[in-house]
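What follows is calculated from the coordinates using simple rules that are stated; it is not laboratory data. Keep in mind that what you see is a predicted model, and the values were worked out from it rather than measured. As a convention, Cβ positions derive from the backbone with ideal geometry for all residues, glycine included, and neighbour counts pool all protein chains shown.
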Amino acid sequence: MSLDKTALARAYRQMKTIREFEERAHAEIMNGQIAGFTHLYTGQEANAVGVCEHLSGADTIISTHRGHGHCIARGADVKGMMAELWGSSAGLCKGKGGSMHVADVDNGILGANGIVAGGPPISVGSALAAKQKGTNNVAVSFSGDGSVNQGTCFEAMNLAVVLQVPAIFVIENNYYSEHTSINYAVGCDDLKARTEGFGFPVFVANGVDFFDVHEAAGKAIEHARAGNGPAGVFCEQGRFHGHFVGDPQGYRGEGELDRLRQDYDCLKHFRERVTGTGEMSHEELDAIDAEVMALIDEAVSAARAAPRPTAADLETDVYINYAAQGV
Ligand SMILES: Cc1ncc(C[n+]2csc(CCOP(=O)(O)OP(=O)(O)O)c2C)c(N)n1
Ligand SMILES: [Mg+2]
């Protein structure tokens, strides 16, 4: 699957935006500027971008507790997201959702989700809606290696096959569920074989390699868009931070984090690949880096300056008024 220069630049910009968003969020949380519990996606950027570059229009995603990267990759406004983390009224959810509940339904982002494996069932509902309306939209759920130990995930996968709906199950194996290694928590060696048992194709990708994820996701999405029912994408790549910001990470092996950053960095991999083939130059990539840094600085300044919700906002946005929405 070849990508033109515009597509390459966009993919790199998206991955870099996620990286810098997360690293800045980390710094601001450690400085006491952002409250709440936060899980960072740093290191796994190629998964979200490799999948979401295939999505458009009314395609939906449903994310996880580690959801910033998925939302940015699907096109969430970066300033609105930063303001959301800050708990400000300018946030995508008016500061009432925070890190684990970022949502932007109008742009196909059905929400981050604090419930492990809470996403797959929702994506099956969204995929069923697409099928019933006769669109060729797909509904993607991202979930971690921990989700394939959860009943909701398996029920959703089975139902998607039974109903033959265009749900895409993206399983991101980062080798840990909280502080527990998959070697301990998963009772079989081949994690992806579990999902294949439901009767839909699963495409495996190396999460360090954007191009590999992009190709695997392309096959899965093509399968579902063509009306062949659900498909899976199984990506493997470690996270660069702890389970949550502040996690002391005593469960890591010696040198593991250094090795991850040194040898398994999807941004480095992308840069080496496109400069090696001559498709992009270091200068072009550096210019994107500078644009992204400026955007993140602006997002932080705006979030800092934005007003907080007031007591009067406490009872608004609690329930949806379907009648007012003409539903
Ligand atoms: C149903 C449920 N059980 C337990 C938790 C507590 N919990 C939060 S994140 C997490 C680990 C999830 O691991 P994984 O799915 O691999 O995602 P990762 O954090 O690695 O991205 C757990 C057990 C939860 N949020 N929901
Ligand atoms: Mg995990």
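Over all alpha-carbon pairs of the stretch 1-47, lay out the pair-distance distribution in 10 Å bins, whole %, shortest bin first. Spelled out per bin, shortest first, that is 25, 40, 22, 11, 2. Please work out the C-alpha center-to-center distance from the stretch 45-110 to the stretch 232-269 and express it in whole Å. What the calculation gives is 22 Å, centre to centre. Residues whose amide H comes within less than 5 Å of that of Val202, counting only those at least five positions distant or on another chain, are Gly232 (H built at 1.01 Å from N in the peptide plane).
For the chain, what does the equivalent ellipsoid look like in terms of its semi-axes, each the square root of 5 times an eigenvalue of the Cα gyration tensor, given largest first in whole Å? Provide the component values of the computation, followed by the final result.
Numbers: eigenvalues 147, 134, 88 Å².
Listed largest to smallest, the semi-axes of the chain are 27, 26, 21 Å.
For Val140, the amide hydrogen comes within under 5 Å of the amide hydrogens of Thr60, Ile61, Ile62, Ile168, counting only partners 5 or more places away or on other chains and with H modelled in the peptide plane.
Can you sort Ser143, Ser88, Ser281 so the residue with the fewest Cβ neighbours within 10 Å comes first?
Working: Ser143 26, Ser88 20, Ser281 11.
By the 10 Å Cβ count, ascending: Ser281, Ser88, Ser143.
Please give the charge dipole size of the stretch 1-88, origin at the Cα centre, charges +1 on K and R Cβ atoms and -1 on D and E Cβ atoms. Round to the nearest 20 debye. The partial results should precede the final answer.
Details: 9 positive and 10 negative charges, 28 e Å.
Roughly 140 debye for the stretch 1-88.
Rounded to the nearest 20, the Cβ-based charge dipole of the chain about its Cα centre (Lys and Arg +1, Asp and Glu -1) stands at 740 debye. Here Lys219 is the anchor, and the lysines within straight C-alpha reach of less than 26 Å, apart from those fewer than 8 places off in the same chain, are Lys5, Lys16, Lys131, Lys133, Lys192, Lys268. Residue ranges 312-319, 239-246, 253-260, 77-84 sort as 77-84, 239-246, 253-260, 312-319 when ordered by packing (mean number of other C-beta atoms within 10 Å per residue, highest first). Applying the Karplus relation 6.51 cos²θ - 1.76 cosθ + 1.60 with θ = phi - 60° to the stretch 14-24 yields 3J(HN,Hα) values of 5, 5, 5, 5, 4, 4, 6, 4, 5, 5, 6 Hz, where x marks Gly and Pro. Under 5 Å between amide hydrogens, built in the peptide plane, is the criterion, and for Ser177 it picks out Ile182 among residues at least 5 positions away or on other chains.
Considering only Ala290, Ala306, Tyr319, and ranking their Cα positions along the charge dipole of the stretch 286-327 that arises from unit charges at the beta-carbon of Lys, Arg, Asp and Glu, the one farthest toward the positive end is Tyr319.
Give the Kirkwood hydrodynamic radius (Å, one decimal) of the stretch 130-180, defined as one over the mean of 1/r across all pairs of different Cα atoms. The partial results should precede the final answer.
Details: mean 1/r = 0.0822 Å⁻¹.
Final number for the Kirkwood radius of the stretch 130-180 is 12.2 Å.
Here the 3J(HN,Hα) profile of the stretch 160-167, calculated from phi with Karplus coefficients 6.51, -1.76 and 1.60 at θ = phi - 60°, is 4, 6, 4, 8, 6, 9, x, 9 Hz, Gly and Pro shown as x. What the phi angles of the stretch 217-230 give under the Karplus curve with 6.51, -1.76 and 1.60, with θ = phi - 60°, is a coupling list of 5, x, 5, 5, 6, 4, 4, 6, 4, 6, x, 8, x, x Hz, glycine and proline written as x.
Name the residue farthest towards the positive end of the dipole of the chain from the options Leu128, Ala9, Asn158, assuming +1 on Cβ of Lys and Arg, -1 on Cβ of Asp and Glu, about the Cα centre. Final value for the positive-end residue is Leu128.
Scan the stretch 139-247 for GluC sites (Glu not before Pro) in coil per DSSP, keeping those whose Cβ has at most 15 other Cβ atoms within 10 Å, and list them by number.
Working: sites: Glu155, Glu172, Glu178, Glu196, Glu215, Glu222, Glu236; in loops: Glu178.
Filter output for the stretch 139-247: Glu178.
Taking a temperature of 37 °C and a viscosity of 0.692 mPa s, what whole-number D in µm²/s does Stokes-Einstein yield for the stretch 56-168 with Rh from Kirkwood over alpha carbon pairs?
Details: Rh = 14.1 Å.
Roughly 233 µm²/s, to the nearest whole number.
Using a simple charge model, +1 on the beta-carbon of Lys and Arg, -1 on the beta-carbon of Asp and Glu, nothing else, what dipole does the stretch 1-147 show about its Cα centre, in debye to the nearest 20? Please list the in-between numbers first.
On the way: 13 positive and 13 negative charges, 40 e Å.
For this selection, approximately 200 debye.
Over the chain, calculate the relative contact order: mean separation of alpha carbon pairs under 8 Å at least 6 apart, over the residue count, as a percent. Display every interim value, and only then the final one.
On the way: 636 pairs, mean separation 71.2, N = 327.
Here the relative contact order equals 22 percent.
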